[in-house]
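Have a look at the structure below, then the notes.
The values are calculated or read from the model by the stated rules, or taken from the named source; none is laboratory data. This is a predicted model, so every value here is computed, not measured. Please note: Cβ atoms are built from the backbone with ideal geometry, for glycine as well, and neighbour counts cover all protein chains shown. Surface areas here come from the heavy atoms of the whole protein model, side chains and all, with no ligands, DNA or RNA. Shrake-Rupley method; radii C 1.70, N 1.55, O 1.52, S 1.80 Å.
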Amino acid sequence: MSGAGRGGARAALLVAAVLGAALVVVIAVRTPWTLLPAPPGGATPVSADAGLPAEALRRAEALAADIRPASLVGLLLGLTASALLGLTRLGGRLVTAVARPLGGRWVWQVLLGTVALVVVGRLATLPVSAYGEVVRHRYGLSTRSWPLWLRDVAVSTAIDAALTALALLVLVALARRAPRAWWAWAAAGAAGLVVVGSFLYPVVIEPAFNSFAPLPAGQLRTDLLELGEESGTPVDDVLVADASRRTTSLNAYVSGFGSTRRVVLYDTLLADVPDDEVESIVAHELGHVATDDVLTGTLLGALGAAAAVALLGWLLTWPPLLRRAGADSPGDPRVVPLVLLLVALGSLVGTPVQNLVSRHVEARADLHALDLTGDAAAFIEMQRRLAETNVSDPSPPAPWQWFFGSHPTAAQRIALAEDWLRLDDR
């Protein structure tokens with residue numbers, strides 16, 4: 001391809017990436033958000049302690065002091081391992097070496113090389129993960145035995161490696177077959193995978209870690225099914241997940257679509273949480289369904305994945321970057337370590353943006369729960385119970401919340417409920 005042709009192709013890739021990202025932003029901005037309460041302006045002041053007992057606050061602060069540095073170390077270790085493999089010839093040599101016993105064909109290089117790279121990355125962060133599990137045991141959050149922990153690590157690594165290997169096999173195959181237009185086909189494929197994955201996750205991935213059983217007939221089951229009807233989002237079933245095998249944390253969620261939609265309760269919720277608080281947390285989850293958050297999130301994820309692949313295609317047309325990784329082209333299997341590094345960096349950069357949208361979506365679901373149940377007292381007590389049982393910092397440092405916080409803080413959520421209660425009393 002001539003220099004002018006390469007320049008035009010790179011420009012087209014960059015334009016596609018920018019347009020895709022812009023479309024994601026437009027959809028996110030046009031999605032109705034619920035503003036979080038923050039003084040001044042008449043909103044209820046956000047109390048830093050969220051009304052939690054002093055001992056609960058002390059435990060939350062101690063856990064944060066133990067786990068946050070480890071989280072950052074794990075993040076840095078993972079990125080360092082990816083950079084060493086993706087920005088040197090070491091990764092390319094590993095990809096070539098693992099396929100040699102099977103003849104060294106490019107297909108095996110991509111498949112086995114990806115698996116090897118994912119395993120190496122997981123091993124690099126395994127000591128930090130083990131430390132995190134020790135800390136969670138220390139604070140009573142984890143109930144997993146070490147054999148079960150190792151089993152979970154192995155299963156999640158296997159799933160991650162298999163899905164990543166198949167995705168990269170398709171990407172490299174397209175790059176070899178259509179060197180100039182591979183990114184467009186790959187972008188469409190990435191968008192499609194996000195959509196398919198959203199539908200398959202509840203029936204393929206969830207059962208790999210938990211068993212589910214119907215909630216026995218009784219008042220709570222009847223109330224939750226009626227809550228779905230009142231929300232305009234009927235559910236087919238109410239299931240209980242055996243989460244207590246792994247954790248003491250409290251949680252619930254709604255999964256599936258249409259006739260397969262079901263409410264899933266952690267069995268820890270049923271131990272000593274009052275029914276009105278269970279209904280409050282389920283009403284929040286139904287709020288996500290009522291406002292099509294899963295479908296909107298899937299659409300945004302699909303568009304974001306397509307834009308990311310276009311940006312990836314643009315970066316992989318930069319010869320110095322390819323030479324750094326020891327690859328000749330995007331169709332060279334030795335490009336796999338570089339692709340994994342770029343994906344990791346892209347995910348890191350996108351994290352605060354994704355969490356910003358998530359926090360407002362979660363606040364909107366909180367508002368739906370308050371409107372649906374009309375019980376601000378149960379909502380507030382549930383938020384305090386969640387914070388205390390899950391040993392969550394009710395008001396984490398602003399930079400940490402900005403980058404890592406996917407939900408409003410407990411203090412913000414309680415202030416929102418108090419705002420709602422005051423307005424409802426007018």
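Some observations on this one:
- Residue in the stretch 170-179 that is within 22 Å of the chain's Cα centre (by Cα) and charged (D, E, K, R) present: no
- Within the stretch 391-406, being in contact (Cβ under 8 Å) with a residue 24 or more places away in the chain and surrounded by fewer than 18 Cβ atoms within 10 Å (Cβ to Cβ) holds for W400, W402, F403, F404, S406.
- V134 fulfils the conditions (1) touching a Phe, Trp or Tyr at 6+ places or on another chain (Cβ under 9 Å); (2) β-branched (V, I, T); (3) without any contact (Cβ under 8 Å) to a residue 12 or more places away in the chain except for a single criterion, (1).
- No other residue among E418, E388 is surrounded by fewer than 21 Cβ atoms within 10 Å (Cβ to Cβ), out of contact with any Ser or Thr (no Cβ under 7 Å at 6 or more places or on another chain), closer than 30 Å to S231 by Cα and touching a residue at least 40 places away in the same chain (Cβ under 8 Å) apart from E388.
- With respect to the conditions (1) closer than 22 Å to V238 by Cβ; (2) modelled with pLDDT of 85 or more, P202 falls short on a single one, namely (2).
- Condition check for V349: without any contact (Cβ under 8 Å) to a residue 40 or more places away in the chain, under 29 Å from T88 (Cβ atoms), in contact with a helix residue (DSSP H, G or I) (Cβ under 9 Å, 6 or more places away or on another chain) and of a type in the set (A, V, I, L, M, F, W, C): no
- Enumeration of residues in the stretch 102-142 that are of a type outside the set (A, V, I, L, M, F, W, C), open to solvent by 60 Å² or more (accessible area, probe 1.4 Å), modelled with pLDDT of 95 or more and more than 23 Å from A83 (Cβ to Cβ): R105, R136, H137, R138
- Tally of residues being hydroxyl-bearing (S, T, Y) and within 27 Å of L423 (Cβ to Cβ) across the stretch 342-375: 2
- Residue match in the stretch 325-347 (condition: assigned to a helix (DSSP H, G or I), open to solvent by less than 40 Å² (accessible area, probe 1.4 Å) and within 30 Å of A411 (Cβ to Cβ)): no
- Any hit, the stretch 129-152, residues being part of a helix (DSSP H, G or I) and in contact with a Leu (Cβ under 6 Å, 6 or more places away or on another chain): no
- Hey, P207 more than 20 Å from L386 (Cβ to Cβ) and without any contact (Cβ under 8 Å) to a residue 12 or more places away in the chain or not: yes
- Verdict on A378 being assigned to a helix (DSSP H, G or I), under 23 Å from D275 (Cα atoms), touching a helix residue (DSSP H, G or I) at 6+ places or on another chain (Cβ under 7 Å) and aliphatic (A, V, I, L, M): yes
- One residue stands out in the stretch 226-256 among those that are under 22 Å from T389 (Cβ atoms), of a type in the set (G, A, S) and part of a helix (DSSP H, G or I): the one that is least open to solvent (accessible area, probe 1.4 Å), namely A243.
- Some residue of the stretch 352-359 being assigned to a loop (DSSP other than H, G, I, E, B) and open to solvent by less than 20 Å² (accessible area, probe 1.4 Å): no
- The lone exception for A290 - which of (1) over 20 Å from the mean Cα position of the chain (by Cα); (2) aliphatic (A, V, I, L, M); (3) open to solvent by less than 30 Å² (accessible area, probe 1.4 Å) it fails: (3)
- Looking only at the stretch 139-186, and only at residues there that are in contact with a helix residue (DSSP H, G or I) (Cβ under 7 Å, 6 or more places away or on another chain) and hydroxyl-bearing (S, T, Y), the one that is nearest to D66 (Cα to Cα): Y139
- Total residues in the stretch 258-270, condition open to solvent by 50 Å² or more (accessible area, probe 1.4 Å) and in contact (Cβ under 8 Å) with a residue 24 or more places away in the chain: 3
- The lone exception for D366 - which of (1) farther than 30 Å from V98 by Cβ; (2) surrounded by fewer than 17 Cβ atoms within 10 Å (Cβ to Cβ) it fails: (2)
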